[in-house]
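Each remark here refers to the structure printed beneath this line.
FYI, it's all coordinate maths here, none of it is from the lab. Remember, it's a predicted structure, so these values are computed and weren't measured experimentally. In this analysis, Cβ positions are derived from the backbone assuming ideal geometry, glycine residues included, and neighbour counts consider all displayed protein chains.
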């Protein structure tokens, strides 16, 4: 007699499968980062490579060459994936790819220099990367355990993921997903024709599709046509044929269950086309191809994020060692404070307890849960940032500690920028811990609501869409907090921690009200003081509503990558202005 244990419970598997996919991506990125560290260590022992940093002209040339290679690889991938690099949509990605490539190309030689030989390994074992190491290690153990447990059905105790092989097969097919167009020119067919066979289209593209991966086909023709993957005979049912009438509007066919309909489950390497019109048919077919599990897109994105995090941190730390040393000291000081632990505990407890809170939203509790969790993380991070800025900048200036640091070969600019970087890293560590915890329990929330609403089961794809949908929102919240770090550091150069809290609170309120103030000034534009106040607010204070995606959460809409890109640019521009103000205020500050 078999007993149903946790391994037979779909609730556990559906809850943890999205987290397993995320852990696979983080694990791959972690392994690639370790390989990059190994490559850096090996190349630092080669005489030519470890002397380039000491030759400025050669370093610039080789750095530009490496950057050009990275940009070329990106352009080649973009052309292969999207067919052209001449569209305007490539501009925004290039705004990030080009400077990141040049930063890596120029800064990587510092990691290989004799002076920095072995320091890259030390940098990877302390400070912020030590937190990342433990996080990635935990996620790697979870990923491996999930796969191993699936092989033995969780030993009858716990099963994390149901079909890891199918998920990995979908990952391998992910580069081939997208929209593909085939075009045909077919003369009029005879009445008894079984269809003209085509294994290539008019542009020489081979007909090679896996029917299981086709989600939709759009057919446009200037003549009435019939298209099928097998010869069109009298015994072929009409349901197996693509039919399109003359016109500019496409005829759409969706994939049906069990291979029914014109899109089969088997491979399609030839099409049979009948032109039922009186003139040559110009046919255009758009094939929408996606792997069996489209959710595997999170794996390459998570891996890319982890690799960039490791590489950019190492390049920055090796290129600006004095600033990095101050940032490391600030980071260690802030995360060792009881306040950091208190903030983490508050976030952890709140996110678990909030699952069981009845929001009375008629089945929309998940939206309220996500909104409250995002708001809590944002507010806690801003509180931590202001407190850290007051303690590490204002109190060090008042306590003459800053004077001791600046008596060494450290400039005022390096001191302020290092403090800013260290606080940002402490905030980033908070987002990593609370963010992953929030994603975990957001994945569980649909399961809990399903039980409360007496639903039979909630599929893991629903848990995936709900949990992974908060990751862009977390990233936007982090960008907002970095702006407050810059503002808090600037204020701390002149004022104490209490004044800092009051000013940042006012900026937070006005920043979120800026759009309303501007709109109200337009409505009552005849009243000059209101108009002037609205314009001043819009210029001086950050528009924090750019980082609030409550509307997207309420409508279950995806946040476009372009929106994230422009938000990064906005936060960098405003943060740069705030840091320039901080440097200006600190430049003539009397430290004695």
Order 549-561, 382-394 from most to least packed using the mean count of other Cβ atoms within 10 Å.
382-394, 549-561
What angle do you read, to the nearest 10 degrees and between 0 and 90, between the alpha-carbon axis of helix 338-353 and the longest principal axis of the chain?
30
Relative contact order (%) - criterion: Cα under 8 Å, at least six apart; region: segment 322-592
26
Assuming a ≥ b ≥ c are the square roots of the Cα gyration tensor eigenvalues, decide whether segment 1-129 counts as rounded (a/c under 1.5), prolate (otherwise, with a/b larger than b/c) or oblate.
oblate
Compute the angle between helix 56-82 and the longest alpha-carbon principal axis of the chain, please, reported from 0 to 90 degrees and rounded to the nearest 10.
30
How would you order 295-303, 351-359, 501-509 from highest to lowest mean count of nearby Cβ atoms within 10 Å?
295-303, 501-509, 351-359
Quick check on segment 93-198: what are the equivalent-ellipsoid semi-axes from the Cα gyration tensor, as sqrt(5λ), descending, whole Å?
48, 32, 10
Alpha carbon centre of segment 217-253 versus segment 264-284: separation in Å?
7
Of all DSSP beta bridges located in the chain, what percent are antiparallel, nearest 5?
95
Express in nm, to one decimal, how much length is gained between residue 240 and residue 165 on full extension, taking 0.36 nm for each residue of separation and deducting their alpha carbon distance.
23.9 nm
Computed over the chain: relative contact order in percent, which uses C-alpha pairs under 8 Å that are six or more apart
16
Pairwise centroid distance, computed over Cα atoms, of segment 39-96 with segment 402-455, Å
30
Could you work out how far the C-alpha centroid of segment 476-512 sits from that of segment 174-192, in angstrom?
58
In deg cm²/dmol, rounded to 500, what helix-only [θ] at 222 nm does the chain give when every DSSP H run of at least 4 residues adds -39500 (n - 2.57) and the total is split over its residues?
-20500 deg cm²/dmol
Show me, bin by bin at 10 Å from 0, the whole-percent P(r) of the chain based on Cα pairs.
3, 13, 20, 22, 19, 13, 7, 2, 1, 0
With everything on Cα atoms, drop me the angle between helix 365-389 and the longest principal axis of the chain, reported from 0 to 90° to the nearest 10.
30
Beta bridge orientation in segment 178-289: antiparallel %, DSSP, nearest 5
95
Treat segment 322-592 as a sphere of radius equal to its Kirkwood radius over Cα pairs and apply Stokes-Einstein at 4 °C in a medium of 1.567 mPa s; give the translational diffusion coefficient in µm²/s, rounded to a whole number.
64
Protection proxy (average C-beta count within 10 Å per residue), highest first, orders 38-50, 577-589, 282-294 as 282-294, 577-589, 38-50
